[in-house]
1. So which residues in region 538-565 are aliphatic (A, V, I, L, M) and in contact (Cβ under 8 Å) with a residue 24 or more places away in the chain, if there are any at all?
2. How about region 117-157: which of its residues are modelled with pLDDT under 80, hydroxyl-bearing (Ser, Thr, Tyr) and not in a loop (DSSP other than H, G, I, E, B)?
3. Can you tell me which residue among 363, 320 is surrounded by 12 or more Cβ atoms within 10 Å (Cβ to Cβ) and within 30 Å of residue 545 (Cα to Cα)?
4. Pick from region 476-515 the residues that are within 40 Å of the chain's Cα centre (by Cα) and among the charged types (D, E, K, R): which of them is nearest to residue 446 (Cα to Cα)?
5. Assuming residue 492 fulfils every condition listed in (1) in contact with a strand residue (DSSP E or B) (Cβ under 8 Å, 6 or more places away or on another chain); (2) modelled with pLDDT under 95; (3) buried (at least 21 other Cβ atoms within 10 Å of the Cβ) apart from one, which condition is it?
6. Applying the selection to region 51-90, what residues are surrounded by fewer than 16 Cβ atoms within 10 Å (Cβ to Cβ) and either under 17 Å from residue 121 (Cα atoms) or not assigned by TED's automatic domain parsing to the domain that holds residue 104 (or both)?
7. Can you tell me how many residues within region 269-302 are more than 18 Å from residue 211 (Cβ to Cβ), among the β-branched types (Val, Ile, Thr) and at pLDDT below 85?
8. Which residue is farthest from residue 30 (Cα to Cα), if the candidates are limited to region 122-139 and must be touching a Ser or Thr at 6+ places or on another chain (Cβ under 8 Å) and surrounded by 18 or more Cβ atoms within 10 Å (Cβ to Cβ)?
Amino acid sequence: MHAAETRGRGRSPSGAAIEAPGRTPLSSDLDRLLGQVRQAYLDALPIAAVMITLAEDGACVECANDHFRTIAEWDERMGDRRVSHIPVLRGGPIGTRLATFIRSDDPAYQFETADGRSIAGRHFTVRFARLKRLPGHPPRLLLSMIDRTAQVETEKSLRSEMLRDSLTGLPNRFAFNEKVDAVLADPTFREGSYAVLAVDMTRFSRVNECMGALAGDELLITFARRLVSALRPSDMLARTSGDEFGILLRLDRGLPDALRAAERIKAVLTLPFRLSELEIRVDCAIGCAILNLGVSNADEVLRNAQFALKRAKRLGSTQVYEPIQAAAVRRRFSIETELRCAIEAEELKLAYQPLIDLDSGKVAGFEALARWQLDGQPVAPAEFIPVAEESGLIVQLGRWALESATRTLGDWDRRAGRVLPFHISVNLSPIQISRDDIAGAVSGALAAAGISGDRLTLELTESAIIHDPDRVAKALSALKKFRVRIAMDDFGTGFTSLAMLQKLPIDLLKIDQSFVAGMLSGGDSSAIVRAILSLARALGMETTAEGIDSADLRELLTELGCTYGQGYHFSEPLCADEALAYGLEREP
């Protein structure tokens, strides 16, 4: 019997030819023709394909193309056609899913799989699809396999590049986050069993500036190698940003393990780094965050470690994250948003604290102090002023305070029908000096309020002067053209040199209340205040003592020759109307 005839008649699961009962020679010819068409169709496909006949006693291959035969390492023309005898179809991911599909009523099913080999393994998209059943013929399905090996390997290569730092060869932040997320998602994860260290190299920017980018890169590579030498094989080290590294540690004994790792890292950095012909010492700051069920993802864990890192830079020792730190940061961001809205809506107010001439007891002026209530609760200036400076809102806030204070003083004159013997003091932020046209702002505020510059005192802290002395000197010189008085606030708490006092056009020194409060008990505070008063007299400056809260302090400071005083002994900060009434009551 010819092979074509055998194929046309079909085969039993044992491979023997089957005579279909009731078949006529015409129907046999039609079967042979259909078989030839099906084979030609499969041979024309660019993918591996096999047609499977589903009989009551089992599934068997009707025809397949060479692509499938190569993958399956089997040829239906050479032996048993039963699916159960074909390795790739009788088990594994394909065979298991094929058996399930045959038992189901699904018209089609598709999935991704691999052949399981670790070396030279191949990846496929496999699809099962039921074919339309012809009258008098058993049901059939088409199994196709698309080889995606090249695509998968390319994706793997690109992913590997995406997850690796090109300079150090370490995993990058994306890879680090994936690993931390996997730890958090592990059902066996226990609180306190892992920690993340954020390690920041000190002096890196100076190396870059002094020796160039190539030396900086060399330092980063060497630094990374030192870190690797301090870690266990199970620890993961990644470069998470420019000169910052992240370490994922498994903890056997909780936090002490993380602190010991930090000590090892510090120890390997004691030896100097050799760059070209130079040897330099590099230290690091380390922040630690313990993984717990309260964190939702890797970004949050790393951010917590960075909170601790920021504190470690300030304190000089390894720090462990505490939840209150994140709450404080969220509070700052909330305040920034609310403060921006409050400034735009003009919801802030100014309070005015009297400045008393200690010799005469008269009101010499008032210090304007910003006040803000959020949801009916007062927000302390010590809380919102630093946020305003950090966010840049201090420029808007400072202009508002300057314009409101001078406008109030001008309004007082108009209500009194004369020029009152008061001056107004407004605080000036170092951020304003660096970012704003202070001279232009002062000129505009004075002109709008209709008051002369000698009735305005601008107060700035020692830190503002030290931050950028040349810029400050230039700005203050421009202000003196308007006859504005300049006061140095909180004097004695900073590091202003005598040369700086001589260079800058300072008119008045304000003695910090921390020194004033300790005067009556004697000791250093009293000596410091006396020294400041002597220095001011020698330089021809006036003085103001802050925080006078008793008659004894007032009397002592008056005897020592202090010019002005302010504090709760005289009055708390007052609203504009109350401040005007207070000043008028104490006129001679």
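The values are calculated or read from the model by the stated rules, or taken from the named source; none is laboratory data. Just so we're clear, the structure is a prediction, and the values are computed from it rather than from any experiment. Glycine also receives a Cβ, built like all others from the backbone with ideal geometry; neighbour counts cover every protein chain displayed.
1. Listed by number, the residues that qualify are 539, 541, 545, 548, 553, 556, 557, 560.
2. 154, 157
3. Answer to the check: 363.
4. Result: 489.
5. Every condition holds for residue 492 apart from (3).
6. Answer for region 51-90, where residues must be surrounded by fewer than 16 Cβ atoms within 10 Å (Cβ to Cβ) and either under 17 Å from residue 121 (Cα atoms) or not assigned by TED's automatic domain parsing to the domain that holds residue 104 (or both): 70, 73, 87.
7. Residues in region 269-302 being more than 18 Å from residue 211 (Cβ to Cβ), among the β-branched types (Val, Ile, Thr) and at pLDDT below 85: 1 in total.
8. The extreme case among them is 123.
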